[in-house]
Amino acid sequence: MTPEAFCTLTITADVVRGAVVLTADGVLDSSTYQTLRDVIIKAALDEPDAIVVDVAWLAVPAESAWVVFTSARWHVGAWPNVPIMLVSGHPAARSAITRAGVARYVPVFSTVDEALDTLAAIGGTPTRRRARASLHASVSSVAQSREFVEGWLTAWNQPDMVAAAKVIVTAFVENVLQHTESAPCVRLESDGIRVTVAVSDTSHTPAAICELPAPAEFPSGLQVIGTLSQVWGNAPTPSGKTVWAVIGPENRL
């Protein structure tokens, strides 16, 4: 794959045994911290078997910068829950990662093969059904997103999840149309029990519940999602963000 260059940092992506291997070359500091984090998150949102980051070529002036990998893991922990693993052939780098407390959340290995062998031994990631639709920056996309959700959940034999998923996708798409100039991209996935609804746009501003000075007559869409879902959140990416929510059997309407 083509390398992506960001100031003093270059990131190259390859696919090895179903995992995305990111090779980071350059300096990891306050100027490149967020870029590296967002590239990892973006790669995880495509849901490979794992994200393996080769950090052998990284210069890290301050050990505290290693926590970028803990931050990336936190962002994808609830969804899509893709494992993130680090690789370095340098014992000093592995020791620094451990001292920074990162290895408690993101395991570090000597080689890519060692990381992927460990992943295979623990069973990898669960199988999921997925569907995606790119919509227009138009109010008609709200109805299209609901039809998309209903059609796929019915095909996946989960009609009892349709009502809740339609409420969530409506709120997400309306937020994109109201607060950005983006064309929303809708993703739906299921592991057979839980359903995830995700909508991407090109705005870097996170979706957030606004605190109003007085109680509103009607709750906002995001307030409804907070009540209706098991968990929801924002995943920042280099091109914008993805807002997602996970619902389970207890969230059926």
Regarding the stretch 7-14, can at least one residue be identified that is modelled with pLDDT of 95 or more, surrounded by fewer than 21 Cβ atoms within 10 Å (Cβ to Cβ), assigned to a helix (DSSP H, G or I) and over 18 Å from the mean Cα position of the chain (by Cα)? no
Yes/no for ILE193 being part of a loop (DSSP other than H, G, I, E, B) and either closer than 28 Å to ALA72 by Cα or not hydroxyl-bearing (Ser, Thr, Tyr) (or both): yes
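Only residues that are of a type in the set (A, V, I, L, M) and either more than 14 Å from SER141 (Cβ to Cβ) or outside the structural domain of THR242 (by TED's automatic domain parsing) (or both): list them for the stretch 175-194, please. It would help to see each step written out before you state the result.
From the stretch 175-194, those of a type in the set (A, V, I, L, M) are 176-177, 183, 186, 188, 193; that's our starting set.
The answer is LEU188, ILE193.
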Could you grab me the full set of residues in the stretch 222-253 that are in a loop (DSSP other than H, G, I, E, B) and either more than 15 Å from SER203 (Cα to Cα) or polar (S, T, N, Q) (or both)? SER229, GLN230, SER239, GLY248, ARG252, LEU253
Which condition does GLN178 not pass, out of (1) over 17 Å from ARG128 (Cα atoms); (2) at pLDDT 95 or above; (3) polar (S, T, N, Q), if it passes all the others? (2)
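So which of ARG128, ARG104, ARG132 ends up being out of contact with any helix residue (DSSP H, G or I) (no Cβ under 8 Å at 6 or more places or on another chain), surrounded by fewer than 18 Cβ atoms within 10 Å (Cβ to Cβ) and closer than 30 Å to PRO91 by Cα?
Numbers: ARG128 fails: closer than 30 Å to PRO91 by Cα; ARG132 fails: closer than 30 Å to PRO91 by Cα.
It is ARG104.
Do we have any residue at all in the stretch 182-205 that's β-branched (Val, Ile, Thr), more than 20 Å from ARG128 (Cα to Cα) and within 23 Å of the chain's Cα centre (by Cα)? Can you show your working first?
Our first condition is that a residue be β-branched (Val, Ile, Thr); within the stretch 182-205, this holds for 186, 193, 195-197, 199, 202, 205.
Filter again for more than 20 Å from ARG128 (Cα to Cα), leaving 202, 205.
With the extra rule that they be within 23 Å of the chain's Cα centre (by Cα), the set shrinks to 202, 205.
Yes, the stretch 182-205 has at least one match.
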Could you check the stretch 36-60 and list, in sequence order, the residues that are over 18 Å from PRO107 (Cα atoms) and in contact with a Pro (Cβ under 7 Å, 6 or more places away or on another chain)? ASP38, VAL39, LYS42, LEU45, GLU47
Going residue by residue through the stretch 182-202, is there one that turns out to be closer than 30 Å to GLN34 by Cα, at pLDDT below 95, surrounded by fewer than 20 Cβ atoms within 10 Å (Cβ to Cβ) and β-branched (Val, Ile, Thr)? no
So, ASP113, is that one in contact with a strand residue (DSSP E or B) (Cβ under 9 Å, 6 or more places away or on another chain), of a type in the set (D, E, K, R), surrounded by fewer than 21 Cβ atoms within 10 Å (Cβ to Cβ) and within 28 Å of GLY233 (Cα to Cα) or not? no
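Is the stretch 229-248 home to any residue that is basic (Lys, Arg), in contact with a Gly (Cβ under 6 Å, 6 or more places away or on another chain) and either modelled with pLDDT under 90 or at negative phi (or both)? Outline the logic, then answer.
Looking only at the stretch 229-248, we keep the residues that are basic (Lys, Arg), and these are 241.
Okay, now just the ones that are also in contact with a Gly (Cβ under 6 Å, 6 or more places away or on another chain), so none.
No: the stretch 229-248 contains no residue that is basic (Lys, Arg), in contact with a Gly (Cβ under 6 Å, 6 or more places away or on another chain) and either modelled with pLDDT under 90 or at negative phi (or both).
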Criterion first (touching a Leu at 6+ places or on another chain (Cβ under 8 Å) and closer than 29 Å to ILE247 by Cβ) does ILE51 satisfy it? yes
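The values are calculated or read from the model by the stated rules, or taken from the named source; none is laboratory data. Just so we're clear, the structure is a prediction, and the values are computed from it rather than from any experiment. Neighbour counts are summed over all protein chains in view; Cβ atoms, including those assigned to glycine, are modelled from backbone coordinates with ideal geometry.
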